[in-house]
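The values are calculated or read from the model by the stated rules, or taken from the named source; none is laboratory data. Because the structure is predicted, anything quoted here is derived from the model rather than measured. Positions of Cβ are generated from backbone atoms using ideal geometry, with glycine treated the same way; all protein chains shown enter the neighbour counts. The protein model used for the area step is the full one, side chains on, heavy atoms only, and it has no ligands, DNA or RNA in it. Shrake-Rupley method; radii C 1.70, N 1.55, O 1.52, S 1.80 Å.
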Amino acid sequence: MNHKYIDLSHEMKDNMIVYPGDPEFILKDITKDSNYSLFEISGSLHTGTHIDAPYHYIKNGKKS
């Protein structure tokens with residue numbers, strides 16, 4: 001049986017829209033002089049596509 005997956009993810013970007021009253025989402029580039037990229041993120045689990053969806057919607061749902 002073939003299953004088709006549809007990616008509903010949103011691009012995570014600095015100052016993206018969040019649910020009213022939730023913390024602002026911040027994506028900060030903290031890359032130093034190096035050969036790689038490094039970012040720091042802060043916000044809530046409600047940012048974008050519910051990082052905690054099973055826990056949020058299903059009683060005793062998985063947290064991570």
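Label points 7 Å out from Cα along the Cβ direction at ASN60 and ILE26: separation in nm?
If labels sit at ASN60 and ILE26, their model points lie 3.9 nm apart.
Give, in nm to one decimal, the length gained when the segment between ILE6 and VAL18 is fully stretched (0.36 nm per residue of separation minus the Cα-Cα distance).
Between ILE6 and VAL18, full extension yields 2.1 nm more.
Mind grabbing the accessible area of MET16 for me, 1.4 Å probe, Å², rounded to tens?
30 Å²
Mind ordering 22-30, 35-43, 3-11 by average Cβ neighbours within 10 Å, highest first?
22-30, 35-43, 3-11
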